[in-house]
Amino acid sequence: MQQSLFDTGVITLPQAELDYRPDFLDQCSADGLLRCFRDSLAWRQDHIKLYGKVVKIPRLQAWYGDAGTQYRYSGLTLSPEHWTAELSALKLACEQACGQRFNAVLANWYRSGDDSMGWHSDDEPELGRNPVIASVSLGVCRNLDFRHKGTGQTHRLPLQHGSLLIMSGPTQSHWQHGIAKTRRVIGERINLTFRYIYC
Ligand SMILES: O=C(O)CCC(=O)C(=O)O
């Protein structure tokens, strides 16, 4: 796995557009938002069917958005909770950073190194072609791994507390991404991916 500990700004990978901003939020705001989201979002333990068996997804998640935005994956459909003041403010900051409107956010809470997210692309039809995804990370640093769908090339990007990663252009068509389990990490992490859902 190719790894750069110091990726910042535009990350050059073939058929991807990635812009990583480690200092998007200052320490104090990032600490406050981590506490606020952990304590106040409508966290749910969802289940999916995997090889015919119903299993817990290995993290908690929450879906917020405008009326009518739904999140569908692996046979699961989430209806949106109403925006909170803190989520709306963070959405606005992401919109300003990306020059793009968002109308929904998926929040994931990785309670420890045992929680993870499997390889996938954010390529559901309701995201449209070449979606812009703004990904804010809070809490312990976890590695986001990328794998090219054609060549198998990989890249590892550690996502720091308070950082913003913007994925855009053809990234979702050509790459998968995921968060592997780790024995190293004991702390928690919350990630928020702001999206625009066509509904
Ligand atoms: O936790 C992360 O950084 C990844 C989240 C993600 O892949 C997603 O929400 O689709």
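Residue count for region 102-127, restricted to those that are open to solvent by less than 20 Å² (accessible area, probe 1.4 Å) and either of a type in the set (S, T, N, Q) or at pLDDT below 95 (or both): 4. Residues in region 128-143 that are open to solvent by 10 Å² or more (accessible area, probe 1.4 Å) and either in a strand (DSSP E or B) or not polar (S, T, N, Q) (or both): 8 in all.
Given the condition under 21 Å from H161 (Cβ atoms), out of contact with any helix residue (DSSP H, G or I) (no Cβ under 7 Å at 6 or more places or on another chain), within 16 Å of the ligand (Cβ to nearest atom) and aromatic (F, W, Y), answer yes or no: does some residue in region 39-46 qualify? Yes: region 39-46 contains one or more residues that are under 21 Å from H161 (Cβ atoms), out of contact with any helix residue (DSSP H, G or I) (no Cβ under 7 Å at 6 or more places or on another chain), within 16 Å of the ligand (Cβ to nearest atom) and aromatic (F, W, Y). Within region 187-199, being closer than 20 Å to V136 by Cα and among the hydrophobic types (A, V, I, L, M, F, W, C) holds for I190, L192, F194, I197.
The number of residues in region 174-186 that are assigned to a loop (DSSP other than H, G, I, E, B) and either open to solvent by 20 Å² or more (accessible area, probe 1.4 Å) or within 11 Å of the ligand (Cβ to nearest atom) (or both) comes to 6.
Every test in (1) part of a strand (DSSP E or B); (2) of a type in the set (K, R); (3) under 19 Å from D123 (Cα atoms) is passed by R101 save one, and that test is (1).
Could you list, in sequence order, all residues of region 117-142 that are within 9 Å of the ligand (Cβ to nearest atom) and of a type outside the set (A, V, I, L, M, F, W, C)? Scanning region 117-142 gives H120, S121, D122, S135, S137, R142.
Of R183, R156, which residue is modelled with pLDDT under 95, more than 29 Å from T69 (Cα to Cα) and not hydrophobic (A, V, I, L, M, F, W, C)? Answer to the check: R183. Just the residues that are open to solvent by 60 Å² or more (accessible area, probe 1.4 Å) and either in a strand (DSSP E or B) or at positive phi (or both), please, taken from region 25-50. Scanning region 25-50 gives R44, H47, K49, L50.
The values are calculated or read from the model by the stated rules, or taken from the named source; none is laboratory data. Computed from a predicted model, the values in this text were never measured in an experiment. Backbone-built Cβ (ideal geometry, glycine too); neighbour counts: all protein chains shown. These accessible areas exclude ligands, DNA and RNA; they are computed on the full protein's heavy atoms, side chains included. Shrake-Rupley method; radii C 1.70, N 1.55, O 1.52, S 1.80 Å.
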